[in-house]
Amino acid sequence: MVANNLLSPETRALIRAQMSRRGFIAGVGGVGAAGLLAACGTDSSPSETSAGVVDLSDKEKSVRWANWTLYLDYDEDAKNYPTLEALKKSSGLDISYKEDVDDNNTFYGKVVGQLKLGQDIGYDIVTLTDWMAARWIRLGYTQAIDEAAIPNKKNILPALANVSFDPGRKNSLTWQSGFAGLGWNKELLPKGVHTLDDLFAPANKGRIEVLSEMRDTMGIIMQYQGVDPSGQFTEDQFMNAIDFLQKQISDGFIRQVKGNSYSEDLISGDAAAVIGWSGDLFILAMENQDKFEFAIPESGGTLWSDNLMIPSTSAHKKNAETLMNYYYEPAVAAQVAAYVNYICPVEGAQAEMEKIDPDLAKSPYIFPDAATLAKVKVFAGLTPADETKYESAFQKAIGN
Amino acid sequence: MAFVAVAAKRSSLVRGLKRPSTPYLLLIPGLAWLLLFFIVPIFTLASTSTQTPASSNEIGAYVQTFRFANYIDAFSGAQEQFFRSILYALIATLLALGISYPLAYAIAFRSGKWKNLLLVLVIAPFFTSFLLRTIAWKQILGSEGPVVTVLRSLHILGPQAGLTASAFAVVTGMTYNFLPFMTLPLYASLERIDPRTLEAASDLYANGITTFRKVTFPLSLPGVVAGTLLTFIPAAGDYINSTLLGNPRTKMIGNVIESRFFQIVDYPTAAALSFMLMAAILILVTVYVRRAGTEELV
């Protein structure tokens, strides 16, 4: 993990991408071919999906999983993932676990060409955030999961069992949820950062970082301006929040806008306070003598979930379902939660957590109580047209 | 005459080449490569650049409508980053030239037995990944790094000021990363200079400065042109340095294209911007090469 921390996940992904030239060329070819199809005027509708793929799970005992960094229990001494090792033994599956997702959009951009053409994207399970999961399901890029193969599906928290983008959870299962809120360096800012006014205080000028995940950064700013991002907000209200962000950037308050790699700048001291993710900050604090802290802003934070899904191009659906079922066992889920420190979606895991670490079982950031949940909002689902419009405005504000 | 004689002697060897089809056959692999990896993508790019969103408004769904106004929209939305890219690339090229010229000169004329070692050292950075080298600059210029510590203790920098996430860091990173592309062509052309021309200059009572101005520099011009082109062209399209060492106010055109392509899934604008960048570089380079007047080189 020490070596891991030297490089941000984004950087590591960049390096991996650069080093695997074969993969690179394949990717470009895919995009090029997709572009060609689009160029010929063929409507790239996603009707051809799972139909063309035969499940080879019985012949090929393997499953390939794309996940985010620091998102599965890791044993630094053994250099492996204990829960994954246990599953390998019990199921006989050859599991390839890759921390290949560091940004929903970038990951989508990399695989969409193959998805459109129905070519194997190289993963049997992907882990993507709600709004991106909504896009995959809408476009038919996922396979329906077989309930009979995942008896543990009944363990999903009631609040997560039915979501607007996937009624009845037919195509997805929550992996973890988390909060976006404020993180800060306790040595530099002993008074703490509890509001956006604290964050954008003159003393922090040039040492603030915010998330490149639009819904988290904008959701927090909108709540600061008294707008509910989970409701029917207007375009003007969203653009007001964009103006606020724009001003903080042009006045030099915001140093950088990035994904997971803000943690690197917190460690180096280049950033003093951030809009960041709960689990990241807890892991950072644990690894750095409790130097960092996380809080949900008084005006409100955001709640997001990442979802496990089986891509339409996967030929290992049954194996993927075996894996999903395994991680919905309360004892296993508790073991993962004890490491990742994000919200555990599995009913019964809290009781199991008592056996691992009673303090963590009480943590409102892993097993949130009603009072904590009242402080956060889930960003509203957007129509594709609005999504493009808002993402454009956000990208423009952050300099792109 | 001599050429004819030599050609006659070699005629048995090259008989095969004399068949009119042979040169074309030899061209096939290269042309196929160009066709597949340059011409086809260029056409795809051109066709993508004039598309507009499909009626479904679905993310990433575009149809061809030959809307050339895409170019105007794309440019007006990104002109700031466009000019910034050209400016940064220009500064980095000039800095690289200023650093490389003395270096290449020393290696070519003054290094003696160390010549090969020095050349290897110039190329050595290529043995590590471009990204890792750029990340290294984050550490070098970081707030705990040596540069900032020294500057702070000299009170040149305030206790809170830093060097990373700035235009300075971006240009420094670019200068460093493209330095070998400047040094090697410069060295190659300096090394080719016949020492007798320098002796002749001093025989004609030229002092060191005049010799450099009238003999060495003009003779090294092909190297200067090649080096500046090899630095400027990739630097203008670079976005890694800006991503890793910059801030939201130092974004370059490469960042905009990346964001349009991946974040917004707006392929037409990304394609239009790529085309404009290509055109801008092509025009700048043509004007430059014309003015420099070194056709023999390029």
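The values are calculated or read from the model by the stated rules, or taken from the named source; none is laboratory data. Small disclaimer: the values here were computed from a predicted structure and weren't measured. Every residue, glycine as well, gets a Cβ built from its backbone with ideal geometry; the counts of neighbours run over all protein chains shown.
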I need the full set of residues from segment B:217-237 which are crowded, with 20+ Cβ neighbours inside 10 Å and within 16 Å of residue B:179 (Cα to Cα), in order please. B:223, B:224, B:225, B:226, B:227, B:228, B:229, B:231, B:232, B:235, B:236
If you go through B:192, B:152, B:196, the only one that is over 26 Å from residue B:90 (Cα atoms) and in contact with a Gly (Cβ under 8 Å, 6 or more places away or on another chain) is B:152
Residue in segment A:162-176 that is nearest to the chain's Cα centre (by Cα), counting only those that are crowded, with 16+ Cβ neighbours inside 10 Å and not polar (S, T, N, Q): A:175
Among the residues of segment B:213-248, what is the count of those that are within 14 Å of chain A (Cβ to nearest Cβ), without any contact (Cβ under 8 Å) to a residue 60 or more places away in the chain and part of a helix (DSSP H, G or I)? 2
For segment A:58-70, how many residues meet the condition of being within 24 Å of residue A:107 (Cβ to Cβ) and either at pLDDT below 90 or buried (at least 18 other Cβ atoms within 10 Å of the Cβ) (or both)? 8
Can you list the helices (runs of 4 or more DSSP H) found entirely within segment A:52-150 that contain at least 2 residues being within 14 Å of chain B (Cβ to nearest Cβ) and within 25 Å of residue A:166 (Cα to Cα)? A:104-117, A:130-138
What are the residues in segment B:260-294 that are under 17 Å from residue B:45 (Cβ atoms) and of a type in the set (Phe, Trp, Tyr), if any? B:261, B:262, B:267, B:275
Whichever residue in segment A:151-164 is of a type in the set (A, V, I, L, M, F, W, C) and either within 14 Å of chain B (Cβ to nearest Cβ) or in a helix (DSSP H, G or I) (or both) and, among such residues, is nearest to residue A:101 (Cα to Cα): A:160
Can you tell me which residues in segment A:217-237 are part of a helix (DSSP H, G or I), touching a residue at least 40 places away in the same chain (Cβ under 8 Å) and buried (at least 17 other Cβ atoms within 10 Å of the Cβ)? A:217, A:218, A:219, A:220, A:223, A:224
Can you find a residue that is away from chain A (no Cβ under 12 Å) and under 26 Å from the mean Cα position of the chain (by Cα) anywhere in segment B:43-56? no
Residue A:197, sole failed condition from (1) over 16 Å from residue A:296 (Cβ atoms); (2) free of Cβ contacts under 8 Å to residues at least 60 places away in the same chain; (3) not in a loop (DSSP other than H, G, I, E, B): (1)
Which residue out of A:99, A:76 is over 24 Å from residue B:265 (Cα atoms) and not β-branched (Val, Ile, Thr)? A:76
Name the pairs: first residue in segment A:357-381 and buried (at least 16 other Cβ atoms within 10 Å of the Cβ), second residue of a type in the set (Lys, Arg), Cβ to Cβ under 8 Å, at least 6 apart or on different chains? A:379/A:215
Filtering segment A:353-400 for residues that are at the interface with another protein chain (Cβ under 8 Å from one of its Cβ atoms) and part of a loop (DSSP other than H, G, I, E, B) leaves a count of 4
Could you check how many residues of segment A:165-187 are at negative phi and touching a Lys or Arg at 6+ places or on another chain (Cβ under 8 Å)? 5
Would you confirm whether any residue within segment A:238-253 is within 15 Å of residue A:379 (Cβ to Cβ) and not in a helix (DSSP H, G or I)? no
If only one of A:293, A:321, A:298 is modelled with pLDDT of 95 or more and part of a loop (DSSP other than H, G, I, E, B), which one is it? A:298
Can you confirm whether segment A:304-315 contains a residue that is under 14 Å from the mean Cα position of the chain (by Cα), surrounded by 24 or more Cβ atoms within 10 Å (Cβ to Cβ), acidic (Asp, Glu) and at negative phi? yes
Can you tell me how many residues within segment A:325-356 are free of Cβ contacts under 8 Å to residues at least 40 places away in the same chain and surrounded by fewer than 19 Cβ atoms within 10 Å (Cβ to Cβ)? 5
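Taking helices (runs of 4 or more DSSP H) that do not extend beyond segment B:153-212, which have at least 2 residues that are modelled with pLDDT of 90 or more and either within 28 Å of residue B:134 (Cβ to Cβ) or in contact with a strand residue (DSSP E or B) (Cβ under 8 Å, 6 or more places away or on another chain) (or both)? If you could, list the steps in order and put the result at the bottom.
Details: elements: B:167-191, B:195-203, B:208-211.
Counting at least 2 such residues, we get B:167-191.
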Going by the conditions given, is residue B:85 buried (at least 17 other Cβ atoms within 10 Å of the Cβ) and either within 14 Å of chain A (Cβ to nearest Cβ) or farther than 24 Å from residue B:168 by Cα (or both)? yes
Check A:288, A:260 and return the single one that is free of Cβ contacts under 8 Å to residues at least 24 places away in the same chain, of a type outside the set (Gly, Ala, Ser) and more than 10 Å from chain B (Cβ to nearest Cβ). A:288
When (1) buried (at least 19 other Cβ atoms within 10 Å of the Cβ); (2) touching a Leu at 6+ places or on another chain (Cβ under 7 Å); (3) within 14 Å of chain A (Cβ to nearest Cβ) are applied to residue B:147, the one that fails is (1)
Here is a list: A:296, A:310. Which entry is touching a residue at least 12 places away in the same chain (Cβ under 8 Å), within 22 Å of residue A:134 (Cα to Cα) and in contact with a Lys or Arg (Cβ under 7 Å, 6 or more places away or on another chain)? A:310
